[in-house]
Amino acid sequence: MKVLVPVKRVVDYNVKVRVKSDGTGVETANVKMSMNPFDEISIEEAIRLREAGIATEVIAVSCGVAACQETLRTALAIGADRAILVETDVELQPLAVAKLLKAVVDKEGPKLAIVGKQAIDDDCNQTGQMLAALLGWPQGTFANKITVEGEKLRVAREVDGGLETVILNLPAVITSDLRLNEPRYVTLPNIMKAKKKPLEIIKPDALGVDVTPRLVTLKVVEPPKRKGGLKVPDVQTLVMKLRTEAKVIE
Ligand code: AMP
């Protein structure tokens, strides 16, 4: 079975994000960009399925600007077999990405799509669920462990109270959570090998998808700075301050 893994290029998780001075978005010029960490976990999981003889091919897909090719090369260096870039300069929102991914699924025919649970830039946590809905496939979100059992997939999901296990019919979409696995390090020989692996570039038009944004960003602002704390000498003063200054009790 083929496995499709979407990978998003995001601001590196070590970078302190800065808002652009005109408030139109987040500064990305001269900022280190990397693969969304949850997508690294997804690639690792797909490769483990291939190593176990369950997956036949791992295809990494990224949607976005030409520089996403770097992210795809990383996916290939981790071990993906080939890559597809759906290239556009339009700012993509989760619904547009889900539509593009659906079109790639229709073209490639994978039996499993392993999406990240959320992108660390927009924190939307929407794309995997939307893709499952558009495809009409079952979904196992926040996966902590997956096991392929014939035509079924057993998924242990991270939920508030612990783990919930669901069994899905394949084809299916899963979204990977932090504890699904620990991705391997990329080695230099694999980086070299990745340069020769196939990377196809297609445009949204060729997939018949309209990626026009449906949401308008009005303004992006820094969170307010936290004010310093205050020490009070006793409980009476605390209660008095809560009543008169914070006004949270009567
Ligand atoms: P989000 O719904 O934006 O939090 O993203 C969740 C997941 O959807 C990511 O971890 C990726 O696996 C996938 N995804 C989102 N945007 C893109 C993109 N532009 N290209 C490829 N995959 C994406």
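Listing for the model above:
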item: Distant-in-sequence amide H partners of Arg157 (H built 1.01 Å from N, under 5 Å); result: Asn144, Glu164, Thr165, Val166
item: Accessible-area order (highest first, 1.4 angstrom probe) of the listed residues Ile201, Ile43; result: Ile201, Ile43
item: Potential extension, Lys247-Val216 segment - 0.36 nm per residue separation minus Cα distance; result: 7.5 nm
item: The chain: most fluctuating residue of Met192, Met130, Met240 per GNM, C-alpha cutoff 10 Å; result: Met240
item: Förster-model FRET efficiency, 45 Å R0, Lys152 and Lys225, C-beta, rounded to 0.05; result: 0.30
item: Highest to lowest packing among 163-172, 64-73, scored as the average C-beta count within 10 Å; result: 64-73, 163-172
item: For the stretch 155-164, 3J(HN,Hα) per residue [Karplus equation, 6.51 cos²θ - 1.76 cosθ + 1.60, θ = phi - 60°, Hz, x = Gly/Pro]; result: 10, 8, 9, 7, 10, 3, x, x, 10, 10
item: Alpha carbon centroid spacing (whole Å) that separates the stretch 224-248 from the stretch 154-187; result: 43
item: Phi to ³J(HN,Hα) by Karplus 6.51 cos²θ - 1.76 cosθ + 1.60 over the stretch 136-149, Hz, x for Gly, Pro; result: x, 9, x, 10, x, 8, 6, 5, 9, 7, 10, 9, 8, 10
item: Built amide H within the under 5 Å cut-off of Gln93, gap 5+; result: none
item: Cα gyration tensor shape of the stretch 2-223, rounded if a/c is under 1.5, else prolate or oblate by comparing a/b with b/c; result: rounded
item: Listed residues Leu95, Ile174, Val105: farthest to the positive end of the dipole of the stretch 94-199 (Cβ charges); result: Val105
item: Solvent-accessible area per residue for the chain (1.4 angstrom probe, square angstrom); result: 57
item: Dipole moment magnitude, nearest 20 debye, the stretch 2-223 about Cα centre, only Lys, Arg, Asp, Glu C-beta charged; result: 480
item: Under the Karplus curve 6.51 cos²θ - 1.76 cosθ + 1.60, θ = phi - 60°, whole-Hz ³J(HN,Hα) for the stretch 195-209, x wherever Gly or Pro sits; result: 5, 9, 6, x, 9, 9, 10, 10, 9, x, 4, 5, 9, x, 10
item: Heavy-atom accessible area ranking, 1.4 Å probe, most first, across Phe38, Phe142; result: Phe142, Phe38
item: Environment charge at Thr88 (Cβ cut-off 10 Å; Lys +1, Arg +1, Asp -1, Glu -1); result: -3
item: Length-normalised contact order for the stretch 2-223 - Cα pairs under 8 Å, 6+ apart - percent; result: 26
item: Spin-label pair Met33/Thr237, simplified geometry with 7 Å Cα→Cβ offset, distance in nm; result: 5.3
item: Normalised convex hull volume, the stretch 153-250, alpha-carbon set, Å³ per residue; result: 381
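The values are calculated or read from the model by the stated rules, or taken from the named source; none is laboratory data. All values derive from a computational prediction rather than experimental measurement. Heads up, the Cβs are rebuilt from the backbone with ideal geometry, glycines too, and the neighbour counts pull from every protein chain shown. Only protein heavy atoms, including side chains, enter the accessible area calculation; ligands, DNA and RNA are left aside. Shrake-Rupley method; radii C 1.70, N 1.55, O 1.52, S 1.80 Å.
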